Amino acid sequence: MTTTLKNTLLFAGIAVLIIIVGIQQSWNSALLIISMGLISSIMALGVNLQWGFAGLFNVGIMGFVALGGLAAVLIGMPPTEGAFSAGGLGVVGALLLGAGTIIAAIQVMRRMQAGWLRSLVVILVLVAGFFLFRALLDPSVERIEEINPAQTGYLGGLGLPVLIAWPVGGLFAAAAAWLIGKTALGLRSDYLAIATLGIAEIIIAVLKNEDWLTRGVKNVIGVPRPVPFEIDLQNDPGFVERAAAFGMDPVEGSTLYVKILYILLFAAVLLILMWMAQRALHSPWGRMLRAIRDNEVAAEAMGKDVTARHLQVFILGSAICGIAGAMMTTMDGQLTPGTYQPLRFTFLIWVMVIVGGSGNNLGAVLGGFLIWFLWVQVEPMGLWLMNVITSGMAEGSALKEHLIESAAHMRLLTMGMVLLLVLRFSPRGLIPEK
């Protein structure tokens with residue numbers, strides 16, 4: 001079987017599974033699987049750039065995705081009336097003061113000779129800068145959060161078209177990746193993983209606790225969308241008439257129409273990123289990265305700047321994850337910091353990359369669709385299976401109740417089984433690197 005035929009059959013198999021979901025459950029569920037599969041594939045593509053191209057073990061994907069979601073809020077949401085005048089300038093000034101304090105400490109380290117005097121001056125600069133930062137920030141934050149806290153209580157956004165937030169989400173993630181990379185890319189792979197995981201948790205903690213920025217755990221709802229709202233379509237006589245022509249009521253028709261528009265947008269982004277990733281893979285830059293991945297010592301001996309190349313690909317992969325995060329928040333219509341969990345936004349993406357095929361962009365896309373399909377569908381399939389198994393048991397049986405309740409755990413069990421089977425029979429993934 002040729003490689004092209006095998007890959008075609010794999011994608012065709014996933015398409016058949018999604019069609020079965022549409023027929024057996026609902027086309028709304030099938031389209032939701034496709035749209036989230038596209039977003040998951042974009043995240044997997046970003047991780048594949050880092051791991052498959054350069055061997056960077058990034059376990060902080062969740063943080064970059066969350067920064068993309070923050071971009072959707074800061075760009076798309078309207079500004080809170082009176083918030084900036086109440087404390088916006090103070091917040092901006094405090095942030096600039098904090099950055100200035102760090103820069104001043106760095107300059108002291110560079111200009112003074114090593115010794116106890118330099119250490120003392122650095123400590124004094126940092127301590128004085130911290131107290132000035134808090135003295136300026138805290139009153140400003142309190143004034144912002146006092147403005148209609150039940151509905152706003154934060155600065156709000158710029159009120160720009162939300163599509164602009166997608167590339168901005170990539171820029172936010174890229175900026176964070178640059179800071180992290182300059183600090184942590186000199187670490188060995190296991191220490192790099194620990195550092196990125198910790199930094200991702202710090203990002204989520206900031207989103208949960210800084211109400212002036214994201215409303216914290218009160219969440220931001222009503223994020224603008226690049227497609228029409230379902231209720232607007234349902235009140236449009238022209239759309240109602242077109243939906244009736246297809247034999248659908250306005251509610252069903254509007255739901256499917258909106259999801260199709262999202263799928264078209266997400267597919268366009270994925271195709272653009274896929275084309276760019278393929279060009280990068282087959283370019284001299286991509287071949288150099290793989291040479292560094294396979295043998296850093298030999299590449300460095302040939303005059304390659306290993307750290308600089310690692311930083312480049314780390315920034316690019318994180319930016320792609322940030323774009324996907326902004327896309328997801330746009331589709332959800334809300335930013336909920338509490339939902340960002342490592343299991344969903346880090347380790348599940350890693351399973352997609354490993355199962356699909358590390359180092360192969362097409363494999364990352366396949367893994368994104370396959371693993372997301374299983375993540376969504378295994379639980380209802382497990383419940384059905386348990387009902388079949390226990391159909392002959394007496395009602396009220398403790399064993400029957402236990403088995404039916406255990407169906408909720410089928411999701412994690414299946415992910416583990418799929419990962420083990422792929423590692424056993426196709427250790428390089430379903431579509432391995434060429």
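The values are calculated or read from the model by the stated rules, or taken from the named source; none is laboratory data. Every value quoted in this text rests on a predicted model; they were computed, and no experiment measured them. Cβ atoms come from the backbone with ideal geometry, glycine included; neighbour counts cover every protein chain shown. The area values use the complete protein model at the heavy-atom level, side chains included, leaving out ligands, DNA and RNA. Shrake-Rupley method; radii C 1.70, N 1.55, O 1.52, S 1.80 Å.
Just the number please: accessible area per residue for the chain, 1.4 Å probe, all protein chains included, in Å².
Values: 21750 Å² over 434 residues.
Heavy-atom SASA per residue in the chain reads 50 Å².
How much net charge surrounds Ala66 when only the other residues with a Cβ under 12 Å from the Cβ of Ala66 are counted, with Lys and Arg +1 and Asp and Glu -1? Display every interim value, and only then the final one.
Details: positive: Lys208, Arg344; negative: Glu201.
Cβ neighbours under 12 Å give a net charge of +1.
Where in region 19-33 does the label zone of Val251 land, with the point 7 angstrom along Cα→C-beta and an amide N cut-off under 16 Å? Residues 26-29 qualify, since their backbone N sits under 16 Å from the label point.
FRET efficiency for the Ala104 to Ala280 pair, using the beta carbon distance and R₀ = 41 Å, is estimated at 0.60. Comparing Met327, Met276, Met36 in a Gaussian network model of the chain (Cα springs below 10 Å), the most mobile by mean-square fluctuation is Met276. Using only Cα atoms, tell me the angle between helix 189-209 and the longest principal axis of the chain; keep it within 0 to 90° and round to the nearest 10. Tilt of helix 189-209: around 90 degrees.
Given 0.36 nm per residue, what is the gain on full extension from Leu160 to Ala114 after removing their alpha carbon distance, in nm?
On the way: separation 46, 0.36 × 46 = 16.56 nm, distance 4.91 nm.
Length difference between fully extended and current span is 11.6 nm.
Assuming R0 = 22 Å, what is the FRET efficiency of Ser391 and Leu17, from their Cβ-Cβ distance, to the nearest 0.05? It would help to have the intermediate numbers written out before the result.
On the way: r = 25 Å, r/R0 = 1.13.
It comes out at approximately 0.30.
Taking amide H as placed 1.01 Å from N in the peptide plane, the amide H of Val220 sits under 5 Å from that of Leu335, each at least 5 places away or on another chain.
For the chain, a Gaussian network of Cα nodes joined below 10 Å ranks Gly68, Gly356, Gly286 by mean-square fluctuation, and the top entry is Gly286.
Multiplying the residue separation of Leu419 and Asp332 by 0.36 nm and subtracting their alpha-carbon distance yields 28.4 nm.
Nearest 500 deg cm²/dmol is fine: what mean residue ellipticity at 222 nm does the chain get from its DSSP H runs of n ≥ 4 alone, each adding -39,500 (n - 2.57), divided by its residue count? Numbers along the way, then the final one.
Working: 18 runs with 310 residues, N = 434.
Mean residue ellipticity at 222 nm (helix-derived): -24000 deg cm²/dmol.
On the beta carbon distance between Ala301 and Ser26, with R0 = 56 Å, the FRET formula returns roughly 0.45. Seen against the Cα atoms of the chain and their longest principal axis, helix 250-281 is set at about 60 degrees.
With K and R counted +1 and D and E -1, the other residues having a Cβ less than 14 Å from that of Leu265 yield a net charge of +2.
Given a 10 angstrom Cα cut-off, can you work out which residue in Ala174, Ala71, Ala99 is the most mobile in a GNM of the chain? Of the options given, Ala99 has the highest mean-square fluctuation. Computed on region 81-155, with alpha-carbon pairs under 8 angstrom and 6+ residues apart, the relative contact order is 49 percent. So how tilted is helix 361-389 from the main axis of the chain? Cα-based, degrees 0 to 90, rounded to 10. Roughly 50 degrees, rounded to the nearest 10. Which residues among region 337-371 fall inside the zone where the amide N is under 13 Å from a point 7 Å beyond the Cα of Met381, along Cα→Cβ? Residues passing the 13 Å test: 370-371. With each label modelled as a point 7 angstrom along the Cα→C-beta vector, the Asp294-Leu97 pair spans 5.5 nm. Cα centroid separation, region 279-316 to region 3-31: 36 Å.
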